[in-house]
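See structure below.
The values are calculated or read from the model by the stated rules, or taken from the named source; none is laboratory data. Owing to the predicted nature of the structure, the values given are computational and were not obtained by experimental measurement. Don't worry about glycine lacking a Cβ; one is built from the backbone with ideal geometry, like all the others, and counts go over all protein chains shown.
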Amino acid sequence: MKQPQTSRRSFLALAALTPFAVAATSACGTSGPGASSGGGGASMWYLSGEPNQTTMQKAVDAFNPANSADKITVTYFQNDAYKTKIKTAIGANQAPTIIYGWGGGGLKTYAEANQVDDLTGWFDQNPDLKKKFFPSVFGAATVNGKIYALPNQYIAPIVLFYNKDLFQKAGVQPPQTWDDIMSLVKTFNDMGVAPFSLGGQSRWTSMMWLEYLLDRIGGPEVFNAIFEGKPNAWMDPAVIQTGTKIQELVSADGFIKGFSSITADSQADQALLFSGKAAMMLHGSWTYGAMKKAGQNFVQNGKLGFVPFPTVAGGKGDPKNGVGNPAQYMSISSKASDKEKESAKKFFKDGILTDTVIDAYINSGSVPIVNGIENKLNMSEDKEFLNFVYGMAKNAPNFQQSWDQALSPTAAEALLNNIDQLFLKSITPQQFAENMNATLGK
Amino acid sequence: MSNAVSTAPRAAVRPASSKPTEQRKTALAWLTLPALFFFLVFAVVPLAGVLILSFASWDGIGAIGAAGLDNWFSVLADPGLYNALGLTFLIMIVSWLVQTPISLLLGVFTAGSQRYRAALAVLYFLPLLLSSAAVAIAFKALLDPNFGLATGLGLPFLAQDWLGVPQLALGLVIFVIAWQFVPFHTLIYQGGVRQIPKSLYEAAQIDGAGTIKQFFHITLPQLKYTIITSSTLMVVGSLTYFDLIFVLTGGGPGNSTRILALDMYLRGFRANLMGPASVIAVILVIIGLALALFLQRLGGKDKQGSQLEGL
């Protein structure tokens, strides 16, 4: 009698446990704010950090009450964390309806795996929407001649910022050439101030230096060849010269001590500039808004200076060339339901670049990527900076998309890793070029 | 883990003829089913998946294609693998050397009965309550060369580029790991010490042994299996240190803290190379199993023998 009793009991225990196990396993699958909700509305993941988060929240808060059937649910993530999370979610078919990104190589991966919808037809149906944007911003949204993403937000060129107080104190002018930079490095080091702030642990921050230097030295053709995967494109002498110049700057203590333990996400690099611990910083134009918010009137009092990246003697690149993000992009997950896709498209059309949102971007010191904003820019209290960025967007003969976004994720990760080592001087410029050359076509 | 292994031979030694024992064994077999189910779903199936993926090319997003041995050749030819392997073993060995004496001594200390020890023990165990990510973020903020503890307290010697210089970063990683895990091992040793019969110490006292002699001749030998358990957890656990290092240094500066587990993650999820990442995962499994088996063997052949014979 004993045996059947025990086994029945254990069987019951097993039966009782099984649902838990199933629930536990399936919970892993559906816990993300995924695309499984059947009704209306669309989910979106977006970047945390100001001023973007507030602006997006305003846009969503304005859109949702008026479109109760197409509610947008937005979740915010830190920049560096988001880049990994979205890839994993897409691979697991758990992506949100609206996929935020930077276009280029990442978008190409998604498009070629049929994870994002082709929006070409939709743009043809909505010519007014298409005409709203700077024409140049569609480049990074286009894969094999088809548009896979809605450009949005603002143009974000990389700008050389400087602290006007420190320059006045030192009695020097902002740099116009690479030689100016090297002499300023000495001036500021003698003053006990770090010449350049840099959040080197984030690595893409160091990459911005290479992007500009390579353009100034070799012109846009060098990176275009790399982008197209031409054989030995990384072995161009301009790449090696760029690496050499960077290591000269590192050796001359051009960057703040401890730059490789600073991350951009913590915004400590910006704090170094506005707190007067560093004299200059090469960073994205979005930091203007962030410094305006965090910098205790540093920006408001006109202490923040900005200049285009200096020229390099004998270099081929046009000093008006820019690098950075031509725009940010939003795609629609092909795995979302039709209803969700409709909601997302409605938000794209009516919710994302409304006048309120455009004004919010301008107020936070960014240049939205829509036409006909000259008047608004001129009326802003930040008009000096906004016109500087706008002029860069409009007049640049070449605007290079950030390398880590333009290249495939595989090549981009290798690039960031090698840049880190280049800045640490643990590899030579020659080795850097060779290591990168091995990633061509990957 | 060690319990499951040790019951099997013992049961085999017993005469298996009597009926109740057989019945009991069937019942016991039933009871293992839930555990077996979880083990299959969460350990065996993913392991098989990783093994298959190590022969496939997959970017984590698109279609999975066969790659034959390509991943294995490319990973085994990559100097990055050997750098990661070396770092993993370095961190493992140094961590063991640092953590074992500290936790052993703290464990012996906290196993005592004086009242103030309880209060101190609570303090020692605090790091155990914090998640690795939180620990890493806190240390990162404290060690920031410009806005960290050094500036706050005006201690210039603390203002090193802790996470920016390869050797310092590696040392710091080992320190933070120890800070986080010593309390756990202390707890294990504390339990072990409390199991030692008082009569052994009383007998030693009568024989004239002092505190130090008692420690080396009673406490330490009696803790043999505790040391093996704690070391197994430390050594095998160090293969999977990931979250802490990922948040603290991200494997940098350069590749100076890019241990195997982190290398696997970065290859798989950052560089979209799931095939090579799976190869590293398989290597990790093999190393982990080999180490665990080796440490079990250290217990000696008489591991089932009691240490308390004659008591």
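A few notes on this one:
- The residues of segment B:23-41 that are within 9 Å of chain A (Cβ to nearest Cβ) and at pLDDT below 70, listed by number, are B:Q23, B:R24.
- Boolean, B:T186 is within 14 Å of chain A (Cβ to nearest Cβ) and among the hydroxyl-bearing types (S, T, Y): no
- Restricting segment A:251-260 to residues that are crowded, with 21+ Cβ neighbours inside 10 Å and under 15 Å from A:L422 (Cα atoms), the residue that is nearest to the other protein chains (Cβ to nearest Cβ): A:S260
Conditions (1) among the aliphatic types (A, V, I, L, M); (2) touching a residue at least 12 places away in the same chain (Cβ under 8 Å); (3) touching a Lys or Arg at 6+ places or on another chain (Cβ under 9 Å), marked per residue:
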site: A:I352; (1), (2), (3): yes, yes, no
site: A:G365; (1), (2), (3): no, yes, yes
site: A:N395; (1), (2), (3): no, yes, yes
site: A:Q405; (1), (2), (3): no, yes, no
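- Qualifying position, being over 30 Å from A:S251 (Cβ atoms) and of a type outside the set (S, T, Y), among A:F134, A:F167, A:F161: A:F134
- Residue check, B:L239 surrounded by 18 or more Cβ atoms within 10 Å (Cβ to Cβ), at pLDDT below 90 and under 30 Å from B:L81 (Cα atoms): yes
- Selection from segment A:261-302 of residues that are assigned to a helix (DSSP H, G or I) and more than 12 Å from chain B (Cβ to nearest Cβ): A:F274, A:W286, A:T287, A:Y288, A:G289, A:A290, A:M291, A:K292, A:K293, A:A294
- Subset of segment B:145-164 that is at pLDDT 80 or above and more than 8 Å from every other protein chain (Cβ to nearest Cβ) - its residue that is surrounded by the most Cβ atoms within 10 Å (Cβ to Cβ): B:G148
- Scope segment A:237-256; condition of a type outside the set (V, I, T) and either in a helix (DSSP H, G or I) or out of contact with any Ser or Thr (no Cβ under 9 Å at 6 or more places or on another chain) (or both); matching residues: A:P237, A:A238, A:Q241, A:G243, A:K245, A:Q247, A:E248, A:L249, A:S251, A:A252, A:D253, A:G254
For (1) within 13 Å of chain A (Cβ to nearest Cβ); (2) in contact (Cβ under 8 Å) with a residue 24 or more places away in the chain; (3) closer than 30 Å to B:L168 by Cβ, each residue gets a yes or a no:
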{"position": "B:V50", "(1), (2), (3)": "no, yes, no"}
{"position": "B:G65", "(1), (2), (3)": "yes, no, no"}
{"position": "B:L69", "(1), (2), (3)": "no, no, no"}
{"position": "B:A77", "(1), (2), (3)": "yes, no, no"}
{"position": "B:A84", "(1), (2), (3)": "yes, yes, yes"}
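- Test result for A:N189, modelled with pLDDT under 90 and of a type outside the set (D, E): no
- Within segment B:247-271, the set of residues being out of contact with any Phe, Trp or Tyr (no Cβ under 7 Å at 6 or more places or on another chain) and under 30 Å from B:Q296 (Cβ atoms) comprises B:T257, B:R258, B:L260, B:D263, B:M264.
- For segment B:245-265, the set of residues classified as at the interface with another protein chain (Cβ under 10 Å from one of its Cβ atoms), buried (at least 24 other Cβ atoms within 10 Å of the Cβ) and assigned to a helix (DSSP H, G or I) consists of B:L248 only.
- When each of B:G68, B:G62 is tested for being more than 23 Å from the chain's Cα centre (by Cα), under 28 Å from A:N435 (Cβ atoms) and surrounded by 16 or more Cβ atoms within 10 Å (Cβ to Cβ), the lone residue that passes is B:G62.
- Some residue of segment A:378-397 being buried (at least 20 other Cβ atoms within 10 Å of the Cβ) and more than 26 Å from A:P220 (Cα to Cα): yes
- Residues of segment A:50-81 satisfying the condition of being farther than 14 Å from A:S343 by Cβ and buried (at least 18 other Cβ atoms within 10 Å of the Cβ): A:P51, A:N52, A:T55, A:M56, A:A59
- Elements of the type helices (runs of 4 or more DSSP H) sitting completely within segment B:168-242 and holding at least 3 residues that are free of Cβ contacts under 8 Å to residues at least 40 places away in the same chain and of a type outside the set (A, V, I, L, M, F, W, C): these cover B:198-206, B:211-214.
- Segment A:406-442, subset more than 14 Å from chain B (Cβ to nearest Cβ) and closer than 30 Å to A:K257 by Cβ, residue farthest from the chain's Cα centre (by Cα): A:Q430
- Looking across segment A:320-371, the residues that are in a strand (DSSP E or B), at pLDDT 90 or above and among the hydrophobic types (A, V, I, L, M, F, W, C) come down to A:V323, A:M330, A:I332, A:V367.
- The residues listed here are A:Y110, A:Y82; of these, the one that is farther than 27 Å from A:I362 by Cβ, in a helix (DSSP H, G or I) and of a type outside the set (G, A, S) is A:Y110.
- Cβ pairs under 9 Å, 6+ apart, first in segment B:130-145 and without any contact (Cβ under 8 Å) to a residue 24 or more places away in the chain, second buried (at least 19 other Cβ atoms within 10 Å of the Cβ) and of a type in the set (S, T, Y): B:D144/A:S261; B:P145/A:S261
- Pairs linking a residue in segment A:413-428 that is in the same structural domain as A:W204 (by TED's automatic domain parsing) and in a helix (DSSP H, G or I) to a residue that is of a type in the set (D, E) and buried (at least 20 other Cβ atoms within 10 Å of the Cβ), with Cβ atoms under 9 Å and 6 or more positions apart or on different chains, are A:E413/A:D404; A:L415/A:D404; A:L416/A:D404.
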